[in-house]
1. Run the paramagnetic zone check for K557: 7 angstrom along Cα to Cβ, then residues of region 568-587 with backbone nitrogen under 11 Å.
2. Taking the full set of protein chains and a 1.4 angstrom probe, give the accessible area of V171 in square angstrom, rounded to the nearest 10.
3. For region 449-532, with every protein chain kept in place, what is the accessible area per residue (1.4 Å probe, Å²)?
4. Using r as the Cβ-Cβ distance of K457 and A424, and R0 as 45 Å, what FRET efficiency do you calculate, to the nearest 0.05?
5. Given the whole protein assembly as supplied and a 1.4 Å probe, what does the accessible area of H374 come to in Å², nearest 10?
6. Return the carbon/sulfur percentage of the accessible area of region 292-363, one whole number, probe 1.4 Å, all protein chains in place.
7. On a 1.4 Å probe surface of the protein chains, which of D434, D578 comes out largest in accessible area, and what is the full order?
8. For region 346-448, state the semi-axes of the equivalent ellipsoid (square roots of 5 times the eigenvalues of the alpha-carbon gyration tensor), sorted largest first and rounded to whole angstrom.
Amino acid sequence: MSDDNTKNLPSHQDIEKDISDYLSKKYGDRVKIIGFHAQPDLEVGGSITADQPGDPKISYMDFTIKPEDLCAYLDEYVVRQDQAKAVLSTKICTHFNRIRNAIDNPLQAKRTVGQIKNNVLLIGPTGVGKTFLIKLIAKRLGVPFIKGDATKFSETGYVGGDVEDLVRDLVREAGDDIESAQYGIIYIDEIDKIASARNLIGADVSRSGVQRALLKPMEETEVDLKVPHDPISQIEAIEHYRATGKRQRRMENTKDILFIMSGAFTELDEIIKKRVQKQAIGFEGEIHSKKESGRYLKHVKAEDLIAYGFESEFIGRLPVIACLEELTVSDLYEILLNPNSSMVVGKKLDFLAYGIRIQFSDEALLEIAQKAVHEQTGARGLVSCMEKIMLPFEKKLPSTDIRFLAVTRELVTNPRQELARMLADKEHLALHEDQYHRLYQEEHARIKELIAKKRGKYLAEHDVVPTPERLGIMAKQCQDEVLDIHDVCEIFIDYVKHIKKCEKNISAKCGIRVTFSEEAIDRILARQPLNQDGIKTLCDTLGTAFEYGLGLLEQKKGVDHIVIPGAGIDRPEQYITDLVRDFFKTE
C-alpha cells in the first residue's frame, strides 16, 4: 500500500465516531460507544466516581412521606375515587417506608423472608384516572416508572414481547442505574385482556401464558439485562468487552419493584352479582340497571377474578385491590374547574404556542362536561369534546391579530358561529377581550385561595410567609407561565432562600446585620423580570446604596441590626438618607 493511501485512512477515533453517529441515529441515546481507551471518571483526589456495590445513592431512600400526605397530594389533581386514593396512598407509602426501614435496620430485613409485596390491582371503567393516579404517585415519590400494555406480551418461547422487557425498560428509564431501578414502579394496563377465555379448550398461550410469565417478576427473580432479542443490550455488552476485555453479566432483582396492574373488567360485575345474589337473597337486590351494575365491583373477591379467567397464583401476587367509580357530569365539571386540570392547561398551552391567551368561564366548562358525558369514555371524553369545540379557533386565530380569547357558553354551543362573529364585529371582539380579563381575575382569586389552603403550611415550613401580596405574585406566575402550583411553590422557596443569601452579602458589605421585612421581600419578588439573576442584581444595587449610610450608623451610633422595610426597596437612597438623619437627630 502506498504512503498516500495510508494517509487517507481514517484514525480509529474517526471510525469510532462514525460508528457512534450511526448507532445514535438508529437506536437513539441509549447506545454509546465507549472506545478502546475509555477510562472511569475520576473525582479530585483520584477516587472513582462509579457507584460502589451496595452503596444506596438513591435520593428517595430517605422516604418519609405519610399516607395522608400522599392522599392530600392526589386530592389536588384527581376528583372523587376516595377509596382508590386511600388504598394506593396507604399501601404504596408502606411499601417504600418498609424498604427504607430495611436498609436502615439490616437485622430487621432478615425477618422479611417470604414477604408478599403490596402489588396492586386497579379495577374501573375507562377514563376514570387509573393511569393518571399512578403517574402522579411516581412523580411525587421520584421513583423510576414505566407503563406497559399487557396485550403486547406473550409467553416465553412464542412470538411477542417478553414480560421481563418491562424490567429492562425500567433500568433504562432510571438512566441505566440498576440500584435506582430496583425501587421503581412497573405499571401494566389492560391486564383484563390476558384473562383466559372461559369457553376455550386447550392451552391459551396468549393469555394464561402471559400470566405465568409474570409470576416470577411480580414476586422476586433475577432478570438478565442482556438478552439475544435485544440488539441494544448486545451492543452494550460488546462495547463493554472491547473496553475492559471482560464479560459482564448485569442482573436486576425484582424483590422491591412494585407492580401495579389495571383494567376495565367489563364483565366482572356480572360474576360478582351472581355470587352475591346466590349467597344472600335480596342483598342489594334493588340494583337492576346496567348503569348501576358497577356498584358490585366494590364487593370483588379473589374467587371472582379467578372465575373471570385469572390463575390463582397470579391473583395471589396482587393482594391489594382498589376499585374506581364511573365519573358523572358533576365529576367531569369538577375536573375542568381544577386549576391543575390537564385538559384546560393543555389547551391553554396549545394557544400560548401562538402567543394567544385563553380563559374559560364556569358556564363553558359545565357545557363541555355535559357534552363529554355522552361520549361514555370518562375523562377522555373531555379531551375529544374540547378538541371539537376549539379546533376552528386554533386553526384561524394564529393568522389574526387576536391575542385574547374568552371561552364562553355561547362559544361552546356554537363555535363556528361565534368565530365568524368575532372576526366580523370589532365590538364583539372587544367584548371577548373584556370577558377574558374578567375571567383572568376570577381565576387569579381561585388560585390564590388554593395556594393558601393547600400549600400555605408547606410554604411556612420553608420560611416563606404566605402574605396576600406574595400569594398574588405566585398566582400570577401560575397563570402567565401556565405552571403547576407545586412547581411555583418550589420556585418561590428558592427565591426566598436566594434573598436570605443576599441579606448576608449586604450585611458583610455594610458591616452591620441587615434583614428584609416580609413587606420588603414582597417588593423584591414583585420586580420584573423575576429570576435569581434579577434578585441578585437588585440586592447588589441595594448594598451599594446602603453601604455608606449603614457604615455611619454602625460607627457613630453602635447600631448592630437594621430591618429594611418596603420603602427601602422602592426608594433605597431616600430611605437610607432619612434613616441616618433620624438616627442622628436623636443625639
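The values are calculated or read from the model by the stated rules, or taken from the named source; none is laboratory data. Computed from a predicted model, the values in this text were never measured in an experiment. Positions of Cβ are backbone-derived with ideal geometry, glycine not excepted, and every protein chain shown enters the neighbour counts. These area figures cover heavy atoms from the full protein model, side chains too; ligands, DNA and RNA do not enter into them. Shrake-Rupley method; radii C 1.70, N 1.55, O 1.52, S 1.80 Å.
1. Hits in region 568-587 for K557 at 11 Å: 576-587.
2. In the full protein context, V171 sits at about 0 Å².
3. Working: 4110 Å² over 84 residues.
Here the residues of region 449-532 average 49 Å² of exposed surface.
4. Values: r = 52 Å, r/R0 = 1.14.
The formula returns an efficiency of 0.30 here.
5. 150 Å²
6. Working: 1560 of 3060 Å².
Using a 1.4 Å probe with all protein chains present, region 292-363 comes out at 51 percent carbon and sulfur.
7. Working: D434 100, D578 45 Å².
These residues rank, largest area first, as D434, D578.
8. On the way: eigenvalues 91, 55, 35 Å².
Value: 21, 17, 13 Å, ordered largest first.
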